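Chemist: Here it is: the structure, laid out below.
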Amino acid sequence: PEQFRVLRQKQTEEVNKGAYTVFNEQGAFKCAACELLLYTSEHKFSKQDSVHGWAAFFDNVPGHVLYEENSKMPELTCARCGGHLGHAFYSKRYPGDKHQRHCINSTSLSFSPADAAGV
């Protein structure tokens with residue numbers, strides 16, 4: 001029910017309740033609906049930088065996350081199934097060339113540890 005509400009009805013999970021909000025294991029984050037690889041642990045903000053209430057990433061696997069730039073909070077969706085992931089925020093203080101923070105609903109993700117994911 002919660003995954004459907006977030007992934008298909010484009011809702012948001014409760015702040016600071018997601019399994020991957022403060023999570024720093026090595027591995028791969030995939031779309032919970034279709035298993036497309038979206039992020040790796042190398043893209044994730046560290047525990048001390050994950051203070052915004054959702055799993056936070058500064059980059060994604062190229063071409064696997066789509067941006068819908070129709071508001072101040074661009075929506076992020078899975079490129080394969082269209083599942084709602086979360087929103088992007090921009091600031092020069094965020095690392096990487098894009099200066100983005102992807103605030104992602106944990107329920108939109110599945111995780112595979114590095115050994116199992118080949119990451």
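Chemist: Would you tell me the accessible area of Asp97, worked out with a 1.4 angstrom probe on the heavy atoms of the protein chains, in Å² to the nearest 10?
Modeler: Taking all protein chains as shown, Asp97 has close to 150 Å².
Chemist: I want the local charge near Thr77. Using Cβ-Cβ distances under 10 Å, sum +1 for each Lys or Arg and -1 for each Asp or Glu among the other residues. Show your work: numbers first, answer last.
Modeler: Numbers: positive: Lys10, Arg80; negative: Glu68, Glu75.
Local net charge: 0.
Chemist: For the chain, with a Gaussian network of springs between Cα atoms less than 10 Å apart, report the residue from Lys98, Lys17, Lys44 with the top mean-square fluctuation.
Modeler: Among Lys98, Lys17, Lys44, the largest mean-square fluctuation in the Gaussian network model of the chain belongs to Lys98.
Chemist: Follow-up question, since we're still on this one. Considering only His52, His64, His87, give the residue with the highest GNM mean-square fluctuation for the chain, with springs between Cα atoms whenever their separation is below 10 Å.
Modeler: Ranking His52, His64, His87 by mean-square fluctuation puts His52 first.
Chemist: Please identify the cysteines of the chain that lack any partner cysteine with a Cβ under 4.7 Å from their own Cβ.
Modeler: Taking the Cβ cut-off of 4.7 Å, the unpaired cysteines of the chain are Cys103.
Chemist: Just the Cα atoms of the chain, one point each, no solvent: what log10 I(q)/I(0) does Debye give at q = 0.13, 0.19, 0.20, 0.23 Å⁻¹?
Modeler: -0.43, -0.98, -1.10, -1.50
Chemist: Counting each DSSP H run of 4 or more residues in the chain as -39500 (n - 2.57), what helix-only mean residue ellipticity at 222 nm follows after dividing by all residues, to the nearest 500 deg cm²/dmol?
Modeler: After summing the helix terms and dividing by residue count, I get -1500 deg cm²/dmol.
Chemist: Send over a whole-number figure in Å² for the accessible area per residue of the chain, probe 1.4 Å.
Modeler: I get 53 Å² per residue for this part.
Chemist: Using a 1.4 Å probe over the heavy atoms of the protein chains, calculate the carbon and sulfur portion of the accessible area of the stretch 1-117 as a whole percent.
Modeler: After summing per-atom areas, the C and S share lands at 51 percent.
The values are calculated or read from the model by the stated rules, or taken from the named source; none is laboratory data. Values in this document were obtained by computation on a predicted structure and should not be read as measured data. Backbone-built Cβ (ideal geometry, glycine too); neighbour counts: all protein chains shown. Heavy atoms of the whole protein, side chains included, go into the accessibility calculation; ligands, DNA and RNA do not. Shrake-Rupley method; radii C 1.70, N 1.55, O 1.52, S 1.80 Å.
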